[in-house]
1. Does the stretch 204-226 contain at least one residue that is free of Cβ contacts under 8 Å to residues at least 60 places away in the same chain and open to solvent by 60 Å² or more (accessible area, probe 1.4 Å)?
2. How many residues are open to solvent by 10 Å² or more (accessible area, probe 1.4 Å) and closer than 18 Å to Ile393 by Cβ if we restrict to the stretch 259-300?
3. Against the definition (aliphatic (A, V, I, L, M) and open to solvent by 60 Å² or more (accessible area, probe 1.4 Å)), how does Ala191 come out, yes or no?
4. Test Val186 against the criterion of being closer than 26 Å to Gly223 by Cβ, outside any loop (DSSP other than H, G, I, E, B) and open to solvent by 40 Å² or more (accessible area, probe 1.4 Å), and give yes or no.
5. What's the number of the condition Asn389 fails, among (1) in contact (Cβ under 8 Å) with a residue 40 or more places away in the chain; (2) closer than 16 Å to Pro332 by Cβ; (3) of a type in the set (S, T, N, Q)?
6. Answer yes or no as to whether Pro92 is touching a strand residue (DSSP E or B) at 6+ places or on another chain (Cβ under 8 Å) and either charged (D, E, K, R) or surrounded by fewer than 24 Cβ atoms within 10 Å (Cβ to Cβ) (or both).
7. Answer yes or no: is there a residue in the stretch 53-74 that is at pLDDT below 90, under 18 Å from Leu384 (Cα atoms) and surrounded by fewer than 16 Cβ atoms within 10 Å (Cβ to Cβ).
8. With the requirement that a residue be in contact with a strand residue (DSSP E or B) (Cβ under 6 Å, 6 or more places away or on another chain) and open to solvent by 20 Å² or more (accessible area, probe 1.4 Å), what does the stretch 136-161 give you?
Amino acid sequence: MTTTKSLRTAALPAALLSAAALALTGCAADPSPSEPTSTATERADGTRITLTYDGGLLVLDDDLRVLTDDAVDGFTRVNPAGDGRHVLVTVPSGFRVLDTAADPALTDAVFPADTGGHAVVHGDRTALFADGTGQVTTFDNTELDGAELPDTETTESEAAHHGVAIVLEDGTLLTTIGDEESRSGVRALDADGKETTRAEECPNVHGEGAVQGDVAVFGCTDGALVYDDGAFTKLDAPTEYGRTGNLFTTDTSSIALGDYNDDPDSEGYLLHQIALIDAASGSYRVADVPDGVGYTFRDLARGPEDEAVVLGDDGALHTFDTTSGELLDSFPVIDPWAGPAEWQDAHPALKVAGDVAYVTDPAERRVHAVDLTTGETIASSDVLPGVPNEMAIA
């Protein structure tokens, strides 16, 4: 049964955050963050890059200079909050708000979540999924100020699972169906929290995005699930097993870019093909990356012209036309690298903001900015305090 409610969540005091971190991790607690000093409508002067490393959290400016270095226990995930300023940092008690404006600071504000998982931004709504309970928390990201959390709405899943949710422009909430053992599909709920339809033909559903026309796409182990105008449509992969687990979309293209694996017995995390899923035409095609080149789920993005951007283990950025799958260009950025032993292990990551690609270089403990229109590396950081792992852009 689904319930939806509105509430205002008070910012949690630093002492409570510290106690939760100690209880769940057995490690030293974070230092008390400073209070944010700017308003919700302000933005940082330029791009902010948030990086995690084992034991820390960095904020860099667009010249790739380190602005802040905060202690954070263990492996940490970071996601944009959706307002162009704040970043959500996964901590044991939920999603903690990082303010990246003029004086970046970890705030005391936390969206509570038991085993916080995916944070999905679409327009001015952000959806947070708690894997430990299956609870979905959504909020208007334009109201986020870091000092006090905005009003939230919560929706309960039928069972706890590693899930994901997204809110469409008309208020429809799409959220995954599953339990601790498996995931089977997606259900749609209207703005009042009433289920309107569901589809349970998307095994191991993972990954989501909204393409042109506010059409949602989800990845499955045998294709993709599309939600458009109140109905679900299943698109089959070109192979019997064809898993897409991460999707990269824009609101100016009907095509979703996905990672692709056609071998259920494959070992390791390197992949060698990309999925190009056209929600408008219903086509699902696969394109090869250059021969001998691999990438991971962290190494896909969309460029300024909606092209696919792939960071290969050859150390180069490769761009592809998403309609034809044709390779457009390649340019070297870092040295060749090996795939990770575990997905959480630090390995090169890619994010794109406008026409600039940001590439982490764990081997050298640096991050680089690349102009995608020229292929030129336009900035590189000094050696960072730790090996960069996760990355978010605001």
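The values are calculated or read from the model by the stated rules, or taken from the named source; none is laboratory data. Remember, it's a predicted structure, so these values are computed and weren't measured experimentally. Counting neighbours? That spans all protein chains shown, and the Cβs are built from the backbone with ideal geometry, glycine included. Only protein heavy atoms, including side chains, enter the accessible area calculation; ligands, DNA and RNA are left aside. Shrake-Rupley method; radii C 1.70, N 1.55, O 1.52, S 1.80 Å.
1. Among the residues of the stretch 204-226, not one is free of Cβ contacts under 8 Å to residues at least 60 places away in the same chain and open to solvent by 60 Å² or more (accessible area, probe 1.4 Å), which makes the answer no.
2. Matching residues across the stretch 259-300 total 2.
3. yes
4. Working: closer than 26 Å to Gly223 by Cβ: yes; outside any loop (DSSP other than H, G, I, E, B): yes; open to solvent by 40 Å² or more (accessible area, probe 1.4 Å): no.
So Val186 does not fit the description; no.
5. Evaluating Asn389 over (1) in contact (Cβ under 8 Å) with a residue 40 or more places away in the chain; (2) closer than 16 Å to Pro332 by Cβ; (3) of a type in the set (S, T, N, Q) leaves (2) as the failure.
6. Here the answer is no, as Pro92 does not meet what is asked.
7. Our first condition is that a residue be at pLDDT below 90; within the stretch 53-74, this holds for 73-74.
Now narrow it down to the ones that are under 18 Å from Leu384 (Cα atoms): 73-74.
Next, only the ones that are surrounded by fewer than 16 Cβ atoms within 10 Å (Cβ to Cβ) stay: 74.
Yes: one or more hits.
8. Matches in the stretch 136-161: Asp151, Glu153.
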